[in-house]
Amino acid sequence: MGAMSGQVWVSLISVAGVVLGGVLSYLVQHRTQLSAERAEELRHRSALAETRRAERLALLERFIEVSAEAERCAYTRPAAWEDTDDWYLTTRDVMYRFWVADRLVRVQFPHSVHDAAHAHFLDLNRTVWHGLPDGESVRDHLEHRRSAFLDAAREVMG
């Protein structure tokens, strides 16, 4: 009976070793899987953040570009104009694109950036359509709001 008892113990220890090895193998595989999933999630977040940054940068470029076009319209604003004049037709198109760019900034950026962009848009819109008092410079009049927008955008973009 002692020999059989020894064989049982050896068998039990062997089975326990197999079970322990299986459990340890499962735990290592599970931990490796979790680690791989976390790494993939980090890569996904990083790629998404980079895509959003690229979209924002393109939108800033678009806003700045159309803003510069609108400023040129303000500089070339005639004292009197008609709805059929070339200046009006060009300016109407530019200001529409500027309006769209302003709305896109609202969608893509925090309120601080949009508020600064919108203030610049409104100031430039008034300057284009209503002009400035005699002797006032378009550049000087627009500089403060333009700079505030650019500073807000730089802060968000990092």
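The values are calculated or read from the model by the stated rules, or taken from the named source; none is laboratory data. In this text, all values refer to a predicted model and were calculated from it rather than measured experimentally. Neighbour counts run over all protein chains shown; Cβ positions are idealised from the backbone, glycine included. With ligands, DNA and RNA removed, areas are computed over all heavy atoms of the protein, side chains included. Shrake-Rupley method; radii C 1.70, N 1.55, O 1.52, S 1.80 Å.
Observations on the structure shown:
- Residue satisfying condition, being open to solvent by 90 Å² or more (accessible area, probe 1.4 Å) and either of a type in the set (Lys, Arg) or farther than 30 Å from residue 154 by Cα (or both), within set 10, 23, 15, 19: 10
- Hits in the range 94-135 - residues which are closer than 15 Å to residue 152 by Cβ and polar (S, T, N, Q): 108, 112
- Pairs meeting the criteria (first residue in the range 126-146 and touching a residue at least 12 places away in the same chain (Cβ under 8 Å), second residue open to solvent by 70 Å² or more (accessible area, probe 1.4 Å), beta carbons under 6 Å, at least 6 apart or on different chains) are 138/75.
- Selection within the range 35-82 - outside any helix (DSSP H, G or I) and either open to solvent by 100 Å² or more (accessible area, probe 1.4 Å) or among the hydrophobic types (A, V, I, L, M, F, W, C) (or both): 79, 80, 81, 82
- Number of residues in the range 83-95 that are loosely packed, with under 10 Cβ neighbours inside 10 Å and either among the charged types (D, E, K, R) or touching a residue at least 24 places away in the same chain (Cβ under 8 Å) (or both): the value is 2.
- Which listed residue, of 19, 8, 107, 15, is within 30 Å of residue 129 (Cβ to Cβ) and not acidic (Asp, Glu): 107
- Flag if residue 46 is modelled with pLDDT under 90 and out of contact with any Lys or Arg (no Cβ under 8 Å at 6 or more places or on another chain): no
- Test result for residue 158, at pLDDT below 95, open to solvent by 40 Å² or more (accessible area, probe 1.4 Å) and at positive phi: yes
- The residues of the range 96-125 that are without any contact (Cβ under 8 Å) to a residue 12 or more places away in the chain and within 20 Å of residue 75 (Cβ to Cβ), listed by number, are 96, 122.
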